[in-house]
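Have a look at the structure below, then the notes.
The values are calculated or read from the model by the stated rules, or taken from the named source; none is laboratory data. Given the structure is predicted, the values throughout are model-derived calculations rather than measurements. Note that each Cβ is placed from the backbone with ideal geometry, even for glycine, and that neighbours are counted across all protein chains shown.
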Amino acid sequence: MLKLGVLLLFALSTSVNSQCFYKDDSAKKPDPAARSSLYKNQLEFTLNLFNTINNAVPDDNIFFSPFSVYHALLLGYFAAGGQTEKSLKESLRISDTMDKVNLLMAYKVDKRSRAFNNNSDSYEFTNANKMFVDKELHLRQCLLDLLGEELEALNFRQSPEQSRQYINNWVSRITKNNIKDLIPVDGIMDTTKLVLANAAYFKGVWAYKFPAERTKKQVFFVSETRQTLVPFMRQKGIFHYTVSDDLGAQILELPYKGNDISMYILLPPYSMKEGVSNIIANLTPERLSAVVEESYMGREVVVEIPKFTIERHLPLRSILNTMGVGDLFNSSADFSTLSEDHGIVFDDAVHKAKIQVDEEGELYQILFI
């Protein structure tokens, strides 16, 4: 099981600006490569975020959803102007040739595609982006027209506690009640002007389930000097498997029912010291893309993986600052594409995620605020 979520909290001061993205949005020619560019941007951002988090907590297990962080910040990018827009564009790895008009179209096509695929009975994947804005904030009509589904007005100034409960209920609904009370008491103030949130939920069943009777406790090596007993799931079957010399890893694909979504496991050689660090050092967007896109030959493999649940609460403000988001958290932040008011700033960025992997499949929930 998986849970996803992210929230970005904003506060405000006051007024200006009157264009949408450009002086003439209609003059931008459609870019047929916009959606593939969006995927490429996300991949580059994913590795940058992963390496930044890994450098910040090198001795800890890392679990987060780059998808949720990226999509929440992408919503912020659409709302940004000036230097804030430039900083976010660079951090999100958006090319200089990609304009906001085509990027927004790619975002909407991707959103509709996920909604269509979610009608399958093979798995459930829900992702929602939302900007909760104070009803007294003067929003530009053009952005309301473009992002109406992502915008919702709340009365932060007069009813901060009710607004907090409303957002928490929204998060709980998206994550099937698996993430509750994300924003703590007093997390929304009467000065809050905007909360940018992304919540996601994925529940998938293995295409080839692990027989529960074969799950046994075995030694798991946390490090060269530390080990523990954990339940290992086991099965033998035909799986896509290969060895990558570039990454210094064995690669195994474990598909979920429906074969649209898979888990990829990268395992270093048993004899290699610092094997995981070596894989991380060798990871590039091109190599990671090749892991997912290449067709591996099916071969008989004995698969043994731990049965596990991981839950993480990750403060992201310092991480995002390290990645060069610029003035996102400063009073100089510019969100003039969103509002005629000025002085809107990010108060904080928090990421909460939970994953549960067992014999049946995976449940994953994430929230970014």
**Message:** Going residue by residue through the range 193-210, is there one that turns out to be touching a helix residue (DSSP H, G or I) at 6+ places or on another chain (Cβ under 7 Å), among the β-branched types (Val, Ile, Thr) and not in a loop (DSSP other than H, G, I, E, B)?
**Reply:** yes
**Asked** Considering only the range 221-242, how many residues are touching a Phe, Trp or Tyr at 6+ places or on another chain (Cβ under 8 Å) and over 30 Å from Ser68 (Cα atoms)?
**Response** 6
**Prompt:** of a type in the set (Gly, Ala, Ser), over 30 Å from Glu359 (Cα atoms) and free of Cβ contacts under 8 Å to residues at least 12 places away in the same chain, is that true of Ser163?
**Reply:** no
**Fill in**
Those residues of the range 250-261 which are crowded, with 19+ Cβ neighbours inside 10 Å and either of a type in the set (Phe, Trp, Tyr) or in contact with a Gly (Cβ under 8 Å, 6 or more places away or on another chain) (or both) amount to Tyr256
**Item:** Tally, over the range 293-304, of residues that are modelled with pLDDT of 85 or more, surrounded by 12 or more Cβ atoms within 10 Å (Cβ to Cβ) and out of contact with any Leu (no Cβ under 8 Å at 6 or more places or on another chain)
**Value:** 2
**Item:** Complete set of residues in the range 15-68 that are in a helix (DSSP H, G or I), modelled with pLDDT under 85 and not hydroxyl-bearing (Ser, Thr, Tyr)
**Value:** Asp25, Ala27
**Asked** Can you name the condition, by its number, that Asn321 falls short on among (1) touching a helix residue (DSSP H, G or I) at 6+ places or on another chain (Cβ under 9 Å); (2) closer than 30 Å to Leu196 by Cβ; (3) polar (S, T, N, Q)?
**Response** (1)
**Fill in**
Counting only residues that are exposed (fewer than 14 other Cβ atoms within 10 Å of the Cβ), touching a residue at least 60 places away in the same chain (Cβ under 8 Å) and either of a type outside the set (D, E, K, R) or not in a strand (DSSP E or B) (or both), the range 227-236 contains a total of 1
**Message:** Please determine whether any residue of the range 172-180 is touching a strand residue (DSSP E or B) at 6+ places or on another chain (Cβ under 7 Å), closer than 20 Å to Gly76 by Cα, surrounded by fewer than 16 Cβ atoms within 10 Å (Cβ to Cβ) and touching a residue at least 40 places away in the same chain (Cβ under 8 Å).
**Reply:** no
**Request:** Would you mention how many residues in the range 143-167 are over 13 Å from Thr192 (Cα atoms) and touching an Asp or Glu at 6+ places or on another chain (Cβ under 8 Å)?
**Result:** 0
**Complete:** Among the residues of the range 318-343, the number that are assigned to a loop (DSSP other than H, G, I, E, B), farther than 17 Å from Leu144 by Cα and under 25 Å from the mean Cα position of the chain (by Cα) is 10
**Item:** Test result for Ile183, under 26 Å from Ser336 (Cβ atoms) and either surrounded by 14 or more Cβ atoms within 10 Å (Cβ to Cβ) or modelled with pLDDT of 90 or more (or both)
**Value:** no
**Asked** Is it the case that some residue within the range 183-191 is small (Gly, Ala, Ser), under 24 Å from Glu311 (Cβ atoms) and out of contact with any Cys (no Cβ under 9 Å at 6 or more places or on another chain)?
**Response** yes
**Item:** So Asp96, is it in the same structural domain as Ala333 (by TED's automatic domain parsing), within 21 Å of Arg35 (Cβ to Cβ) and surrounded by fewer than 14 Cβ atoms within 10 Å (Cβ to Cβ)
**Value:** yes
